[in-house]
Amino acid sequence: MMAQKTVLIVYAHHSAGSFNAAVRDVAVEELARQGCRVIVSDLYGMNFKASATEEDITGGMKNPELFQYGEETMHAWMEGRLTDDIITEQRKVQEADLIIFQFPLYWFSFPAIMKGWIDRVLAKGFAFSLEKMYNNGIFKDKKAILSFTTGATQTMLRPDGINGDINVVLWPLQNGTLHFCGFQVLAPQIFWSPAHCPHTVRTEMLRKWQDRLKGLWVEKPLTFAPCELFDLSFQGGFLLLPEVREEVRSNPYGITVGHHLGKPLPPDNQTRAQPPEEHNTQAACRD
Ligand SMILES: Cc1cc2nc3c(=O)[nH]c(=O)nc-3n(C[C@H](O)[C@H](O)[C@H](O)COP(=O)(O)OP(=O)(O)OC[C@H]3O[C@@H](n4cnc5c(N)ncnc54)[C@H](O)[C@@H]3O)c2cc1C
């Protein structure tokens with residue numbers, strides 16, 4: 001029998017009658033049915049503090065002359081001097097096998113209250129360091145998934161749509177935040193424009209989400225460029241190794257959305273786990 005899994009749902013919507021609330025409820029019910037322990041951090045309900053400030057630290061500052069949030073919170077984390085709201089969330093992260101971020105897309109990104117959770121909870125030392133990042137990151141044994149609603153329709157976020165490629169939109173959130181901390185990032189669950197579609201379509205979207213959750217634990221994560229492809233030194237500039245550059249020279253696509261090397265982006269790099277045949281064409285994208 002599978003050991004009991006813990007799932008943390010970080011949830012940011014104000015209204016209990018919203019589509020986001022319905023999506024959250026589907027996840028809570030389905031994961032509980034699977035025997036998971038499900039914890040929900042309802043950020044607006046908790047009135048979670050969004051801004052990263054000096055008030056997040058108790059006790060004295062290491063450098064009172066020049067306040068540096070990252071450095072001070074790292075020391076405070078090591079010494080158990082972060083405020084209780086942060087420590088409580090960090091415990092939930094530590095216990096979680098999977099984190100679901102459930103939110104409406106705001107300005108191509110997380111709502112501010114969720115960004116605040118990320119800024120404050122994923123503190124330096126606790127969630128990342130320069131030695132432990134990306135595929136060697138602190139949370140490499142955990143999974144994370146962005147589950148979000150949009151105002152825009154799917155075609156608006158195509159490469160030829162008015163808002164541009166959704167894969168580009170997702171890169172900073174999935175690579176720069178989640179995978180940077182090591183998370184295995186599962187393909188995002190996107191609910192396109194629920195306010196502008198018929199009720200039956202919304203019901204179908206919820207059913208598909210429930211279906212997906214049944215197989216979520218065995219899903220292959222998205223592909224990112226592993227640290228081993230780079231010279232991880234300041235002298236080397238953290239640049240792609242010359243031999244890797246040579247190896248990928250004849251590839252039709254770049255390595256990832258961000259590591260495009262001036263070539264076309266690998267198709268759906270941030271929205272779909274790569275099928276094995278595409279993997280073969282991208283020698284640099286080894287797991
Ligand atoms: C500051 C801000 C910035 C934004 N930036 C962007 C952006 O960059 N890109 C973008 O695309 N959008 C953007 N938006 C729009 C936003 O993403 C959408 O309004 C939001 O995602 C819609 O989700 P919701 O849960 O609020 O929908 P709701 O309006 O709550 O729900 C939609 C419909 O679903 C119904 N519903 C609720 N429960 C159920 C159920 N169980 N079954 C069936 N139907 C149900 C509701 O009654 C409602 O009719 C922005 C909005 C704001 C406020």
Q) Where the centre of each part is set by its Cα atoms, how far does the stretch 155-233 sit from the stretch 1-49, in angstrom? A) 18 Å
Q: Express the carbon and sulfur contribution to the solvent-accessible surface of the stretch 77-116 as a percent, rounded to the nearest whole number, probe 1.4 angstrom.
A: 58 percent
Q: Using a cut-off of 12 Å between beta-carbons, work out the net charge of the residues near Arg158 (Lys and Arg +1, Asp and Glu -1, Arg158 not included).
A: -3
**Q.** Probe 1.4 Å, accessible area per residue of the stretch 123-181, Å²
**A.** 42 Å²
**Q.** Total formal charge among the other residues, if their Cβ is under 14 angstrom from that of Gly176, Lys/Arg +1 and Asp/Glu -1
**A.** 0
Q) What FRET efficiency would be calculated for the residue pair Ala21, Ser109, taking the C-beta separation as r and a Förster radius of 22 Å, to the nearest 0.05? A) 0.60
**Q.** Mean separation of Cα contacts under 8 Å, 6 or more apart, over the residue count of the chain: relative contact order %
**A.** 17 percent
(Q) Give me the percent of accessible area attributable to carbon and sulfur for the stretch 191-263, probe 1.4 angstrom. (A) 60 percent
Q: Please report, to one decimal in angstroms, the Kirkwood hydrodynamic radius of the chain built from all distinct Cα-Cα pairs.
A: 20.3 Å
Q: Extending each Cα 7 Å along its Cβ direction at Glu65 and Ile162, get the distance between those two points in nm, one decimal.
A: 5.3 nm
Q: Would you mind working out the accessible area per residue for the stretch 23-91, using a 1.4 Å probe, and quoting it in Å²?
A: 55 Å²
Q. So for Asp42, Asp165, what's the accessible-area order with a 1.4 Å probe, most first?
A. Asp42, Asp165
Q. Of all DSSP beta bridges in the chain, what percent run antiparallel (nearest 5)?
A. 10 percent
Q.
Once you place label points 7 Å from the Cα toward the Cβ at Gln34 and Met78, how far apart are they in nm?
A. 3.7 nm
**Q.** Estimated distance in nm for a label pair at Lys220 and Leu130, the labels positioned 7 Å out from Cα along Cα-to-Cβ
**A.** 3.5 nm
Q: Could you count how many Lys pairs in the chain have their Cα atoms under 19 Å apart, skipping same-chain pairs fewer than 8 positions apart?
A: 29
**Q.** Sites Thr88 and Gln235, calculated FRET efficiency, Cβ-Cβ separation with R0 41 Å, nearest 0.05
**A.** 0.50
**Q.** Added length on full extension, which subtracts the Cα-Cα distance from 0.36 nm per residue, Gln210 to Gln154
**A.** 18.1 nm
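The values are calculated or read from the model by the stated rules, or taken from the named source; none is laboratory data. Fair warning: this is a prediction, and the values are worked out from it, not measured in the lab. Using ideal geometry, Cβ is built from the backbone for each residue, glycine included, and neighbour counts are taken over all protein chains shown. To get the accessible areas, we keep the full protein, side chains included, count just its heavy atoms, and leave off ligands, DNA and RNA. Shrake-Rupley method; radii C 1.70, N 1.55, O 1.52, S 1.80 Å.
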